[in-house]
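Have a look at the structure below, then the notes.
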Amino acid sequence: TMPDVYRYTLDKLAPVIDKAIKSKIPMVALFPYTEKKRKNLLGTEALNENNLVCKAIQFIKKRYKNQIGIMCDVALDPYTSHGHDGLVDSGYVLNDKTVGVLTKQALSHAEAGADIVAPSDMMDGRILEIRTILEKNKFYNTKILSYAAKYASNLYGPFRNAVDSADNLKNSSKETYQMDFANVAEASLEISLDINEGADMVIIKPGLPYLDIVTKIKNKFSIPIFSYHVSGEYSMIKSAAQKNYIDEKATVLEAMYCFKRAGCNAVLTYYTPEIIKWLGEK
Ligand code: PBG
């Protein structure tokens, strides 16, 4: 569902990172694919210090030291058999119990060598708990990039397919913890809570359709804002380009200008390798 985007095994990771460093990409975001047999109701594989994502962090840090930054999602969805980002009971996530697991997961990423932990789960109160556990364990320099305003969007579909949570999520939704896309005020509230709890940076997600939120937040808070140009946005452009319906390079570069115009300090996009190539051509 995401043409030209691949899942890599550890033995195929080095050429990808080599290329990223050569292109001066400052940071990679790692997302694990978990085999079905390792998923369960509680997502216990998330706390396995030898799980795929921890091994990948260790591999990159050992081989490349500080040549490239690593950020990692803190959330249970790659590991739960129901595909939700937290522990679930009767269709609702158990907020506080989930926070307990997420803090341990964040610590395991920091111990493996992650530079940035990025809670993408949308539970309340997790930034403070993660900050506290990192401080207690002397990870003073590990940053927290909070997915502070993450809307319950249809645009995550291709990503869910890639991490194999789409089928598991059938007949349920993430609307009890991700935000209602009709709501503006709640974005402000969520972001102010996360800043007060100790977030270093915030993500507003998805990207282009949510730039009004970016501008509003930019005018209100002094904190770096990331935008996530998500999988559905990527795949819409990619598949239209493959049919020659639009000019891919021009469309993607236009989108990047729009992110900057709205006030984003950084953009997370699956198009990064191609953008760097295109900018070099200019
Ligand atoms: C889940 C997570 C999602 C994405 C990143 N982390 C999907 C979801 O909330 O279901 C989506 C990314 C994308 O669509 O590119 N923790």
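Applying a DSSP loop filter and a limit of 15 other Cβ atoms within 10 Å to the GluC sites (Glu not before Pro) in region 1-81 leaves Glu35, Glu49.
Taken over the Cα atoms of the chain, the convex hull encloses 134 Å³ per residue.
One chain, two ends: Asn219 and Leu47. Fully extended at 0.36 nm per residue, the span grows by 58.1 nm beyond their Cα-Cα distance. Of all beta bridges that DSSP places with both ends in region 38-162, some 20 percent have antiparallel geometry.
Pairs over the 29 Å Cα-Cα cut-off, from the set Lys61/Lys238; Lys97/Lys143; Lys138/Lys218; Lys22/Lys143; Lys19/Lys216; Lys61/Lys170: Lys61/Lys238; Lys138/Lys218; Lys19/Lys216; Lys61/Lys170.
Classify region 1-91 as rounded, prolate or oblate from the Cα gyration tensor: take a ≥ b ≥ c as the square roots of its eigenvalues, call it rounded if a/c is under 1.5, otherwise prolate when a/b beats b/c and oblate if not. The shape class here is prolate. Across the chain, Cα pairs under 8 Å and at least six residues apart give a relative contact order of 17 percent.
With a simple spin-label model that places each label point 7 Å from the Cα along the Cα-to-Cβ direction, the separation between Cys258 and Lys62 comes to 4.3 nm.
Could you please state how large a percent of the accessible area of the chain is carbon and sulfur, counting protein chains only and using a 1.4 Å probe? Walk me through the numbers on the way to the answer.
Numbers: 7440 of 13930 Å².
Of the solvent-accessible surface of the chain, carbon and sulfur hold 53 percent.
Based on protein heavy atoms only, region 15-76 ends up with 58 Å² per residue of surface accessible to a 1.4 Å probe.
Per residue, how big is the convex hull of region 131-177 when only Cα atoms are used? Give it in Å³.
Residue-normalised Cα hull volume stands at 132 Å³.
With contacts taken as Cα pairs under 8 Å at a separation of at least 6 residues, region 1-143 carries a relative contact order of 23 percent. In region 195-276, Cα pairs under 8 Å separated by at least six residues give a relative contact order of 36 percent.
With +1 on each Lys and Arg Cβ and -1 on each Asp and Glu Cβ, and nothing else charged, work out how big the dipole of region 79-231 is about its Cα centre, in Debye to the nearest 20.
Values: 15 positive and 19 negative charges, 57 e Å.
About 280 debye.
In terms of Cα atoms, the Rg and Dmax of region 158-282 work out to 16.2, 47 Å.
The values are calculated or read from the model by the stated rules, or taken from the named source; none is laboratory data. These numbers were taken from a predicted model, which means no experiment stands behind them. Reconstructed Cβ throughout: ideal geometry from the backbone, glycine too, with neighbour counts over all protein chains shown. Just the protein is used for accessible areas: all its heavy atoms, side chains included, with ligands, DNA and RNA removed. Shrake-Rupley method; radii C 1.70, N 1.55, O 1.52, S 1.80 Å.
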